[in-house]
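**Student:** My structure is below; once you've seen it, I'll send some questions.
Each reported figure results from applying straightforward, stated rules to the coordinates on display, with no laboratory input. Computed from a prediction, not measured in an experiment: that's the story for all the values here.
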Amino acid sequence: MNKPTCFISYCHSDIDRDVLEFVIAEIQTHSQKGIDFYFDEDVPFGKRFNDFMSQISSVDVILVFLTPDYKTKTIERTGGVYTEYKKIVEKFDEGVRANLESSRDDFVSVIPIIISGTRDSSMPEALRDARSLNLSELIVRRTSSGRLQISEDHRSKFEHHFKKIAAQIIVKDALHTEAFRKTEDQYYDELFVKLKAGEKSIPKSVLLETASYKLVQTQTAFFVIGRKGSGKSTLARMLELINKNSYNGFIGIRAENINLQQSYNQITHGRESDS
């Protein structure tokens, strides 16, 4: 089975190597299944850097470690950093367009990580709209044995971010697999085509039994409130299909046709009186 892949972009001139290596090691540790990280220093002698950069188009996630010199290179449009950056921005823009045009999330993710400087001094203009992780306060020290360490305060502050990035890389890898695409197409058909069309059978495996579902299923709650497209109708139809002895159907209520405050007061009046 192929591992998830991650491209590393940074500027050699002012990168803190200890911080870079530590962050990558932490993400690797929390990935569990392992991640293939692509570094420019891993390129064999005699191989072309353009071939290395071409991997930007095929990886699951791109981590951009930002420093003041990185931004300067992008402004001056010089060196390998700028060439790499152009390809990254192209993938970033492609992802933004794909997200706007469809609900699919199988495009390459670009995650900016500020290593030094500030957002203004280190963040290139084209990536400013992306949510970034600021590690400029992170201090990594190397012990006499060569082990990289951080303080407990910094670990409690940053470790959950490393876990989230590792999880994001794993998820992106799964989204790119043919098996996931087939499963997604199947479940989409089951939930949003057949169910909406009124079919009376559906595999229970497609249902995620959330806390809200269980409250309604056990008749602890009787009203389902949510935004359009959040799954209210699907939930109601699933209850009707799975619990045929308890539910004969459901009643849809259009909120714009009723006085919500008055209805809320009537529903909660008894409880307020009891308390």
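**Student:** Test of understanding: what is the full-extension gain from Ser58 to Asp129, defined as 0.36 nm times their sequence separation minus their Cα-Cα distance? Write out the running numbers ahead of the final one.
**Tutor:** Values: separation 71, 0.36 × 71 = 25.56 nm, distance 2.25 nm.
Between Ser58 and Asp129, full extension yields an extra 23.3 nm.
**Student:** As a quick test, which of the pairs Lys157/Lys214; Lys47/Lys71; Lys91/Lys172; Lys47/Lys163; Lys3/Lys172; Lys87/Lys172 have an alpha carbon distance above 23 angstrom in this structure?
**Tutor:** Too far apart for the 23 Å limit: Lys157/Lys214; Lys47/Lys71; Lys47/Lys163.
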